[in-house]
Amino acid sequence: MKRKEDKIMLGHGSGGRMMHDLIADLFLKHFSNNILDEQTDAAVLQVGSHEIAFTTDSFVIDPLFFPGGNIGKLAVCGTVNDLAVSGAEPLYISVSFILEEGFPMNELELIVESLAAEAKKAGVLIVTGDTKVVNKGKCDKVFINTAGIGRMKVENRNICKAQGINPGDVIIVNGTIGDHGMAVMNARESFNFRTTVESDCASLNQLIQEVLDKSTVKFMRDPTRGGVATVLNELAAKTELGIEIDESALPINKGVKAMCELLGFDPLHIANEGKVLIVADQKDSSTIIEILKSNELGLQSAVIGRVVNDHAGRVVLKNETGGRRIVDSLAGDQLPRIC
């Protein structure tokens, strides 16, 4: 029997099982409708004769500044990527700030400058927003909320729904996993590891558009909170098929691997902010890998696994010695406030 907590815990925001239970048992119970029940990264909405993608996100990362980015850049990347992996062309975003009294104005300007620069790089316009200031101690420095709107092409509208996935389809990632989570953890805790790990924080819409223009994709998702493992478990459950991952094929930065081994973390559960998981037919895999590797955001792309008939609804990792283990979704609050 599933245990219900009587108070909100950090694990409810982890992206793993606790968060999904909260969504299913509370939010969907009261908010349920045919659009929300799809539980996709962006809702696909009919507006007149056209379809748009609409998403929203909030950012509470600690610390605000980390190797490879800050909360401002992260807010744009997270919003743009949720639209892009849904098959949409990101166009407009809103940005709202909740600021703590006493926060340094020069740091706020650095965040705003970074946010504006990333929006320009991604080709999206910041068209509306809001600002609130709360008493000192009532908010942890800066929280940012965003919403994003994108143009949806008819041929891409089902990419986020995991339809048409079959045994033999391959799973592709556009580079090393776990970089964001470990960079933030190192900055937060000041472990002073000799190796330098930077967040992979990046807007992927232009890379994803190249893939969609030149190949056929069945499913995409960005593995943020909960990491690759959580996305693949959701996919296995939705399709009622099994997924096998090849450990030797996983692209992992040496620094990330060393930190995970020392701290007891699984890279498959660590958050990413510049990665996309793609499911495609085996015959399309070489084309997709070629497209990804021609872009600086996909140089270390790899086929990391495939969809199988066996162990329906489960994700299994095949290690380098031939052994196998089940990979579950993230259960608790391994890395809270990571985005």
For residue 275, go through the lysines and keep the ones whose alpha-carbon is under 16 Å away, minus same-chain ones fewer than eight residues off.
73, 293
Decide, for the stretch 1-140, between rounded, prolate and oblate: order the square roots of the alpha carbon gyration tensor eigenvalues as a ≥ b ≥ c, take rounded if a/c falls under 1.5, and otherwise choose prolate if a/b is larger than b/c, else oblate.
oblate
Pick from 225, 157, 194: which is most flexible by mean-square fluctuation in a GNM of the chain where alpha carbon atoms under 10 Å apart are linked?
194
Whose amide H sits under 5 Å from the amide H of residue 133, counting only residues 5 or more places off or on another chain, with H placed in the peptide plane?
99
Would you mind checking 121/153; 214/283; 218/283 for any pair whose Cα atoms are more than 19 angstrom apart?
121/153
The summed charge of the residue 28 Cβ neighbourhood (under 12 Å; Lys/Arg +1, Asp/Glu -1) stands at -3
Along the stretch 244-258, Karplus-curve 3J(HN,Hα) (6.51, -1.76, 1.60; θ = phi - 60°) to the nearest Hz, with x for Gly and Pro, reads 10, 10, 9, 4, 5, 8, 5, x, 9, 4, 4, x, 5, 4, 5
Ranked from fewest to most other Cβ atoms within 10 Å of their own Cβ, 77, 201, 139, 260 fall in the order 139, 260, 201, 77
Once the in-chain neighbours fewer than 8 apart are removed, the lysines whose Cα is under 26 Å from residue 29 read 2, 4, 7, 161, 238
Say the dipole of the chain comes from +1 at the beta carbon of Lys and Arg and -1 at that of Asp and Glu; which of 72, 150, 168 then lies farthest toward its positive end?
168
Could you give me the ³J(HN,Hα) list for the stretch 139-146, computed from phi with Karplus coefficients 6.51, -1.76, 1.60 and θ = phi - 60°, whole Hz, x at Gly and Pro?
7, 8, 6, 9, 10, 10, 10, 10
Fewest-first ranking of 9, 152, using other Cβ atoms within 10 Å as the exposure measure
9, 152
Long-range amide H partners of residue 221 with built H, under 5 Å:
277
Label-point separation in nm, residue 140 to residue 116, each point 7 Å along Cα→Cβ:
2.8
Can you tell me which of 215, 32, 14 moves the most in a GNM of the chain? Springs connect C-alpha atoms under 10 Å apart.
32
Is the C-alpha gyration tensor of the chain telling us rounded, prolate or oblate? Criteria: a/c under 1.5 is rounded; beyond that, a/b larger than b/c is prolate, otherwise oblate.
rounded
Starting with the highest mean, order 183-189, 56-62 by the number of other Cβ atoms within 10 Å, averaged over the residues of each peptide.
183-189, 56-62
GNM, the chain, Cα, under 10 Å: largest mean-square fluctuation among 127, 303, 197?
127
Mean residue ellipticity (222 nm) of the chain, computed from DSSP H runs ≥ 4 via -39,500 (n - 2.57), nearest 500:
-8500 deg cm²/dmol
The stretch 1-90: trypsin sites (Lys or Arg not before Pro) in DSSP loop, at most 14 other beta carbons within 10 Å:
2, 3, 4, 7
Quick one: net charge of residue 57's neighbours, Cβ under 13 Å, K/R +1, D/E -1?
-3
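Bear in mind these aren't lab numbers, they're just calculated from the coordinates by the rules spelled out. Predicted model only: the values in this text are computed from it and were never measured. No Cβ is skipped: glycine too gets one built from the backbone with ideal geometry, and neighbour counts run over all protein chains shown.
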